[in-house]
Each structure stands twice: as structure tokens, then as C-alpha cells.
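Report on one structure; see the data block that follows.
The values are calculated or read from the model by the stated rules, or taken from the named source; none is laboratory data. Because the structure is predicted, anything quoted here is derived from the model rather than measured. These accessible areas exclude ligands, DNA and RNA; they are computed on the full protein's heavy atoms, side chains included. Shrake-Rupley method; radii C 1.70, N 1.55, O 1.52, S 1.80 Å.
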Amino acid sequence: MALYSEKVMDHFMHPRNVGTIEDASGVGEVGNAKCGDIMKIYLKIENDIIEDVKFETFGCGSAIASSSMATEMIMGKSIHEALELTNKAVAEALDGLPAHKMHCSVLAEEAIKNALKDYFDKNNIPYDKSRFKEIDHDELHEQVHGDD
Ligand code: FES
């Protein structure tokens, strides 16, 4: 069986929603210090709906495919639905990721959550802070990759 699904390859070769949004309502950036991958998500929100979303990812193919798929999944959705997006759902929508690449999809979930948090903070919208607990990406990477 091929290591990567056709969907992963498609989103990697032809990523959707790449770019930036100048007057973004919220911007979220996450990085993994260990593998050096960085993901940035821009959201344009109107009346609680995600009208537009763009991403920039400097990272591996799985990180690019995950961001591309994640942006498609939240486009046109409410901010509440976007908050519910999990890395597992992103990986499933890609027809799976190899086990040692699951953490790449975590970056997509976290970047979206950070962008929503940025939007809430900027607009003084109260939110449940426990939903935004920091994920230690170094630790996560180590768990998955060992010392490599
Ligand atoms: Fe670390 Fe993909 S995000 S290798």
C-alpha cells in the first residue's frame, strides 16, 4: 500500500486556500521547534461565519495537505463548528496519515484554534480558556519520532 493516500498527494500537490488575508479577523501561528515546521492560518469572520480562510505552511507534505484540507473543512462554517475541528477529522478526511505523521495534522487544528482565539481576544469575546490549552509540540514530536 502506498504510504500516502491519493487525497494527501492531491492536497500536497495542489493545496487549496494558500496565501494570506490582509485584513484578517484572526491570525494563528503554530510551530514545531524540533522539525521546524510552521503553520499560519488567516481567518475572515463575519457574523460568526468563516467567510474566508488562507494558510501559509513551511513544512512537510503532510503539514501542507493537512492545512489545505482543514481550510476546506472550515470554509463557510460557523466559528463554533470550526472550534470543533479535530486533527483526527482532518486526517480522516485525507483518508488517513501514516502514524508518525499524525502530529502534522495537529498543527492544522492548533493553528485554526489560535486564529479563533486571536479573533475572540481582539473582539473581547469571552471564551472557555480550557479549550485552548497549549500543546507541547516538542514533546509530541518526541513521542512520535523518538530521538531522531
Ligand atoms: Fe513535523 Fe510534519 S509537522 S514533520
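Per the 1.4 Å probe, what fraction of the accessible area of the range 32-117, in percent, lies on carbon and sulfur atoms?
50 percent
Calculate the tail of P(r) for the range 24-95: the fraction of all Cα-Cα distances greater than 20 Å, expressed in %.
28 percent
At a probe radius of 1.4 Å, what is the per-residue accessible area of Asp128, in Å² to the nearest 10?
80 Å²
Using just the helices of the chain, give the 222 nm mean residue ellipticity in deg cm²/dmol: DSSP H runs with n ≥ 4 each add -39,500 (n - 2.57), and the total is spread over all residues, rounded to 500.
-13000 deg cm²/dmol
To check my understanding: the extent here is largest minus smallest coordinate of the Cα atoms along each principal axis. What are those three numbers for the chain, in Å, largest first?
For the chain, the Cα spread along each principal axis is 45, 30, 23 Å.
Pick out the long, greasy-scoring helices in the chain: whole DSSP H runs spanning 24 Å or more along their own axis by Cα, mean Kyte-Doolittle at least -1.0.
102-122
Once you've got the Cα coordinates, tell me which of Lys44/Lys113; Lys54/Lys129; Lys44/Lys122 are over 22 Å apart.
From Lys44/Lys113; Lys54/Lys129; Lys44/Lys122, over 22 Å: Lys54/Lys129.
In Å, the Kirkwood hydrodynamic radius of the range 71-118 over pairs of distinct alpha carbons?
The Cα-based Kirkwood calculation yields 11.0 Å.
State the volume of the convex hull built on the alpha-carbon positions of the range 1-46, expressed per residue in Å³ and rounded to an integer.
Roughly 110 Å³ of hull volume per residue.
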